[in-house]
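Undergrad: Once you've had a glance at the structure underneath, I'll fire off some questions.
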Amino acid sequence: MVKPRCGNPDIVNGTTHMNSGKSPTDHTVAHFSFFEGQPRWPSSKSKLKYAFLPENQLTDSVKAAFRRAFDKWSKVTPLTFKETDSYRLADIRIGFFVRDHGDGNPFDGPMKILAHAFAPPTGFFHLDGEENWVVDSEYLKEGTVDLESVAVHEIGHLLGLDHSSEKEAIMFPTLEDGTRKVELSRDDIKGVQMLYGSNPNYNGSSTVYPHRQENDISGYSTFGSLCPHWIIGSFLALVLSILL
Ligand SMILES: [Zn+2]
Ligand SMILES: [Zn+2]
């Protein structure tokens, strides 16, 4: 089983770190985490503008996948996301790039690294142009990557969320190959609402949070403001290929 994984290093300088998000009042445990220093968009920036790299000439159906991904986050926060034609002036700049594209984090062709995004207020969201991106789940199969699923995850990073150890969370670092995962979990919602507050129209229950065992061993470390790369790869396959 191949498990695409976001390659944000779990250990930096040999130490582990995780913001447990533990609340002293309700005795619940959250598994989300933030980047170092908890960067977030300032409240003066609640109406965020995003733009697509013009050279990519994306189709409407591709742009719609990003819009749906943004909608997931705006539903639960006071943030709004609006597309603008001005790539230069946009808060969030989305582009497909191949290989070395000038930010020191080159893409690697098909599989392994899929995308990376930067914490606020940088706003860069880069995707590997050589992946087999799918916007219509009808065509989703092994070896393809669901664009909306990756977009929902990376937007979480763009808003200031690091990885979560909660398996159901969008911010969990792995995603089954060729599958779709676009619904925010209570963990994602709780995390982002800790940074921005709730959407007044959001009536989901984020106050009731089931207690879960705190049995996470791996720390989810911060890595500057750089987000992570999605890496497709079965570690088992990797080990096997090394052994063979
Ligand atoms: Zn990630
Ligand atoms: Zn990049």
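Here, each number is a calculation from the coordinates, and none is a lab measurement. Since we're looking at a predicted model, the values are computed, not measured. Glycine also receives a Cβ, built like all others from the backbone with ideal geometry; neighbour counts cover every protein chain displayed.
Undergrad: What nm value, rounded to one decimal, do you get for the distance between Thr179 and Arg88 when each label is placed 7 Å out toward the C-beta?
TA: 4.5 nm
Undergrad: Of the options Pro121, Met194, Leu159, report the single residue whose Cα projects farthest towards the positive end of the charge dipole of segment 112-209 (beta-carbon charges: Lys, Arg +1; Asp, Glu -1).
TA: Met194
Undergrad: Something else about it: So what are the ³J(HN,Hα) numbers for segment 187-198, from phi and the Karplus equation (6.51, -1.76, 1.60; θ = phi - 60°), rounded to whole Hz, Gly and Pro as x?
TA: Each residue's phi maps through the Karplus curve to give 5, 4, 5, 4, x, 6, 6, 5, 7, 10, x, 8 Hz.
Undergrad: For Gly109, what charge total do you get from the other residues with a beta carbon under 14 Å from its beta carbon, if Lys and Arg give +1 and Asp and Glu give -1? The partial results should precede the final answer.
TA: Numbers: positive: Arg99, Lys112; negative: Asp100, Asp108, Asp128, Glu130, Glu131.
Spelling it out: positives minus negatives among the neighbours equals -3.
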